[in-house]
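Here the structure is laid out as structure tokens; the discussion comes afterwards.
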Amino acid sequence: MDYFSGYISNLIEQLSSLPGIGTKTAQRLAFYIVSQPEDKARHLAESILEARKNVRYCKECCTLTDAEKCPICSNPRRDKHTIMVVETPRDLAAYEKTGKYEGVYHVLHGAISPMLGIGPDDIRLKELMTRLAGDVNEVIIATNSSLEGETTAMYISKLIKPTGIKVTRIASGVPVGGDLENIDEVTLLRALEGRTQL
Ligand code: ZN
């Protein structure tokens, strides 16, 4: 990439290290950024820094938030006795968009994958178990229907069983291997309503 300026090459390199951004897209973004007024570029850089500095994990559900507790956990109208376990904050957002779920969430930030070397200690499982010491009626496992998602669901249900808390799994209206965030709201609701006890 010697034919680009060193600054451009560096920017392209940084951008292409982001997930889902290949070299071509990184080049397009880099040229776009340097063609913009300096103010706009500064805004972009500052929002990245500010988000990185200020965003943290909710102390209850582990989703990403600006405060100690996320807006869902701090909402007194949410049913704290029902916890839906999801893999990522994006999955949480998908269920929130349906506007029909009244419980709270627990975000694992990943799924168990022996193939990728991701074990139970690498996701936010301990935090979930701590929460279950409180007053919880049902844990709805809404991990993806991928191999990793199913492995995680199985593992969690085995872990929770001895506590006597009801464990359910969302119905398989969600296509196999499908990421929750890409599924429409009707399908998500159907999967939630058709959940079965494990
Ligand atoms: Zn929360």
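So the label point goes 7 Å from the Cα of Tyr7 along Cα→C-beta, right? Which residues of region 30-50 then have their backbone N under 11 Å from it?
34-35, 38
Which FRET efficiency value, to the nearest 0.05, do you get for Leu159 and Asp39 by plugging their Cβ-Cβ distance into 1/(1 + (r/R0)^6) with R0 = 41 Å?
On the way: r = 51 Å, r/R0 = 1.25.
In this case the efficiency is close to 0.20.
Taking a virtual spin label 7 Å from the Cα of Asp184 along the C-beta vector, which residues in region 71-109 bring their backbone nitrogen under 18 Å of it?
It comes to 94-100, nothing else.
Compute, for region 6-54, the length of the dipole vector about the Cα centre, with Cβ point charges of +1 (Lys, Arg) and -1 (Asp, Glu) only. Units Debye, rounded to 20. All intermediate terms of the calculation are to be shown ahead of the outcome.
Numbers: 6 positive and 5 negative charges, 29 e Å.
Dipole size: approximately 140 debye.
Residues of region 56-198: accessible area per residue at 1.4 Å, in Å²? All intermediate terms of the calculation are to be shown ahead of the outcome.
Numbers: 7440 Å² over 143 residues.
For region 56-198, the per-residue accessible area is 52 Å².
So, R0 is 41 Å and r is the distance between the beta-carbons of Ser74 and Arg28; what FRET efficiency does that work out to, to 0.05?
On the way: r = 40 Å, r/R0 = 0.98.
My answer for the efficiency is 0.55.
Sum -39500 (n - 2.57) across every DSSP H segment of at least 4 residues in the chain, then divide by the residue count to get the 222 nm mean residue ellipticity, nearest 500. Don't jump to the answer; show the numbers that get you there.
Details: 7 runs with 82 residues, N = 198.
The helix-only estimate for the chain comes to -13000 deg cm²/dmol at 222 nm.
With +1 on each Lys and Arg Cβ and -1 on each Asp and Glu Cβ, and nothing else charged, work out how big the dipole of the chain is about its Cα centre, in Debye to the nearest 20. Don't skip to the answer; put the middle values down first.
Working: 24 positive and 26 negative charges, 91 e Å.
Around 440 debye, computed over the chain.
Which value results for Rg/Rh of region 6-54 when Rg is the Cα radius of gyration and Rh the Kirkwood radius based on the inverse mean 1/r? Show your work: numbers first, answer last.
Details: Rg = 11.2 Å, Rh = 11.4 Å.
Checking Rg against Rh, the ratio lands at 0.99.
So how many Å³ per residue does the convex hull of the Cα atoms of region 36-138 work out to? Show your work: numbers first, answer last.
On the way: hull volume 15.8 nm³, N = 103.
Here the figure is 154 Å³ per residue.
Ranked highest first by the average count of other Cβ atoms within 10 Å around their residues, in what order do 118-125, 70-77, 14-21 fall? It would help to have the intermediate numbers written out before the result.
Working: 118-125: 15.5, 70-77: 13.6, 14-21: 11.4.
Result, highest mean first: 118-125, 70-77, 14-21.
Among Leu49, Leu18, Phe31, pick out the residue whose Cα is farthest towards the positive end of the charge dipole of region 6-54, where Lys and Arg carry +1 and Asp and Glu carry -1 on C-beta, about the Cα centre.
Leu18
At 1.567 mPa s and 4 °C, plugging the Kirkwood radius over alpha-carbon pairs of the chain into Stokes-Einstein gives what diffusion coefficient in µm²/s? Mind dumping the intermediate values first?
Values: Rh = 18.9 Å.
Calculated translational D: 68 µm²/s.
Compare the peptides 95-105, 22-32 by average per-residue count of other Cβ atoms within 10 angstrom and give them in order, highest first.
Numbers: 95-105: 16.9, 22-32: 14.5.
Result, highest mean Cβ count within 10 Å first: 95-105, 22-32.
Connecting C-alpha atoms closer than 10 Å in a GNM of the chain, tell me which of Ile141, Ile48, Ile12 has the biggest fluctuation.
Of Ile141, Ile48, Ile12, the Gaussian network model singles out Ile12 as fluctuating most.
The values are calculated or read from the model by the stated rules, or taken from the named source; none is laboratory data. These numbers were taken from a predicted model, which means no experiment stands behind them. Because the Cβ atoms are built from the backbone with ideal geometry, glycine has one as well, and the counts that use them run over all protein chains shown. Only protein heavy atoms, including side chains, enter the accessible area calculation; ligands, DNA and RNA are left aside. Shrake-Rupley method; radii C 1.70, N 1.55, O 1.52, S 1.80 Å.
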